[in-house]
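Right, one structure below, let's go through it.
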Amino acid sequence: MRSALFMICLLASGVSAQQRPVTGCERTELTSIDQVMVAFMDEHDVTGATLAIALDGEVLYERGFGWKDEARSVPMPPDALMRLASVSKPLTVSAVRHQIAQGLYTLDSFAFDLGQSGGGLLDLEPFPTLGDPRLADITVAHLIQHRGGWDRDIAGDLTYRETLVASDMSVPSPPGRELTLRWILGRPLEYTPGQTYAYSNIGGLALGLIVEQFAGMPLAAYLDEVKLGPLGIASEDHQQGRTFVTDQDPREPWYESTGLSVNVFDPAGPFVERPYGSWDHEARIGQGGQIATARALAVFAANHWVNGTSIGLPKSPTLHGTWRWNHTGNLDGSSSLIRQRGDGITYGVIMNKRSLGSTIRGELDPVLDQIQAWPPDEPNCCPGDADGDDLVNFNDLNLLLDSWGQTVPAGSNGDVSGDSTVNFADLNLVLDEWGAGC
């Protein structure tokens, strides 16, 4: 009987390795959003993605698209944790803003203690010597505004020179954040601090260290405590990302990338897939090493500015206007977008493929512009979830079959229909919701 029901389940649900599943609450009023996401992923061959949308701070849409694994056998859950890449920066800056509001330092505080009058925040000895006297003039504001004087288009991204840093300093690779920053302080600037805007990961690297120095705890934990937790974002929905699969959270998906690279943890060893060792992900916590759910991004964007001169500052989720701010992130194997609109809509998108955050914005915004009335709140859309893991799958079917034909307490042991009997009514519910998540 069990084998027969498994076959019935597969046939009735239409599950195949080629379908692109969509998990989470299906809402007929918002099917246009589902359609644009699926079409975008088909066009760009994206394996998996998550999207969450909030209105005035209340999440009204949260869905997963595609697959969580390389084999395309596990649907992407709506609450998957995924690499944020540079979308980590607005979160880091929000922690800086919090410490400034506490009076721990100011925007005009010098970032580095390099012998200048009054000193600076980070006491790091440049290696091998100070590379540019203008480094002493860099302020916290310069780090936030990408005006520190570095230009990766000229000198390259110095935060990704891990094997070179390790070799120059005669230390094991990867060298970590502090040694990397000491090495950077031993090199010349491209511009006078404050003079020129040039996007730089070095600012996020330094800001993360500043926050931790004054907080006395890891950056991710501090953000959870002072910024995200008060917004109702659970600590398990925002974390420090990890380099290798064996260390990653089980909710993280496979990160898709092409080509192999030197493993910075073992430069003389075999090459690795780029998302898994071509950089030290833990060392990028301030600039791009955080992981989170799309829901966390949508809620954060409702309550903080995500770009511009006010980046990281708190805002009211019900404040309306004409702005449309966003921040994107890219790493090999991931793209992210955090978006806030003056009409009260904020959203987060995370995908397991590079360089698509800016592109998806152009597809989603026109669809969101057309929605005249939003549903009031999220329904309970997982009536087939017998085991409470937020997915309707073979685990629920097994639980149902183990109690087949029995009279049980309503809602328990596979009785997803709530009639106190495990029977075809429960099986039909599981089939109807197969592959859904909540």
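Per-structure values
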{"item": "Filter result (touching a strand residue (DSSP E or B) at 6+ places or on another chain (Cβ under 9 Å) and assigned to a helix (DSSP H, G or I)) within region 173-206", "result": "Glu178, Leu181, Ala206"}
{"item": "Selected residue (only one of Glu70, Glu43 is part of a loop (DSSP other than H, G, I, E, B) and charged (D, E, K, R))", "result": "Glu70"}
{"item": "Positions within region 207-221 being in a loop (DSSP other than H, G, I, E, B) and under 18 Å from Ile100 (Cβ atoms), in sequence order", "result": "Gly216, Met217"}
{"item": "Pair list, Cβ < 7 Å and 6+ apart or interchain, from region 329-343 residues that are basic (Lys, Arg) to residues that are assigned to a strand (DSSP E or B)", "result": "Arg339/Asn326; Arg339/Thr346; Arg339/Tyr347; Arg341/Arg324"}
{"item": "Residue within region 287-294 that is more than 27 Å from Leu209 (Cβ to Cβ), under 13 Å from the mean Cα position of the chain (by Cα) and part of a helix (DSSP H, G or I) present", "result": "yes"}
{"item": "Among residues of region 300-326, those that are touching an Asp or Glu at 6+ places or on another chain (Cβ under 9 Å) and closer than 21 Å to Gly64 by Cα, counted", "result": "1"}
{"item": "Residue in region 320-332 that is farther than 30 Å from Arg284 by Cβ, surrounded by fewer than 19 Cβ atoms within 10 Å (Cβ to Cβ) and of a type in the set (A, V, I, L, M, F, W, C) present", "result": "no"}
{"item": "Inter-residue pairs, beta-carbon under 9 Å, first over 10 Å from Gln340 (Cα atoms) and assigned by TED's automatic domain parsing to the domain that holds Pro230 and in region 307-326, second among the hydroxyl-bearing types (Ser, Thr, Tyr) and surrounded by fewer than 11 Cβ atoms within 10 Å (Cβ to Cβ), 6+ apart", "result": "none"}
{"item": "Residues that are over 28 Å from the mean Cα position of the chain (by Cα) and among the aliphatic types (A, V, I, L, M), drawn from region 105-151", "result": "Leu114, Leu121, Leu124, Leu130, Leu135, Ala136, Ile138"}
{"item": "Residue in region 208-230 that is over 24 Å from Val140 (Cα atoms) and assigned by TED's automatic domain parsing to the domain that holds Ser109 present", "result": "yes"}
{"item": "Matching residues in region 52-91 - criterion: being of a type in the set (D, E, K, R), more than 19 Å from Ser335 (Cα to Cα) and touching a strand residue (DSSP E or B) at 6+ places or on another chain (Cβ under 6 Å)", "result": "none"}
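Each row is one residue, and each column tells you yes or no for (1) touching a helix residue (DSSP H, G or I) at 6+ places or on another chain (Cβ under 9 Å); (2) under 24 Å from Pro133 (Cβ atoms).
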{"residue": "Thr163", "(1), (2)": "no, no"}
{"residue": "Ser170", "(1), (2)": "no, no"}
{"residue": "Trp183", "(1), (2)": "yes, yes"}
{"residue": "Glu190", "(1), (2)": "yes, yes"}
{"residue": "Gly194", "(1), (2)": "yes, yes"}
{"residue": "Leu205", "(1), (2)": "yes, yes"}
{"residue": "Glu212", "(1), (2)": "yes, no"}
{"residue": "Tyr222", "(1), (2)": "yes, no"}
{"residue": "Gly229", "(1), (2)": "yes, no"}
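The values are calculated or read from the model by the stated rules, or taken from the named source; none is laboratory data. Being a predicted model, the structure only gives us computed values, none of them experimental. Backbone-built Cβ (ideal geometry, glycine too); neighbour counts: all protein chains shown.
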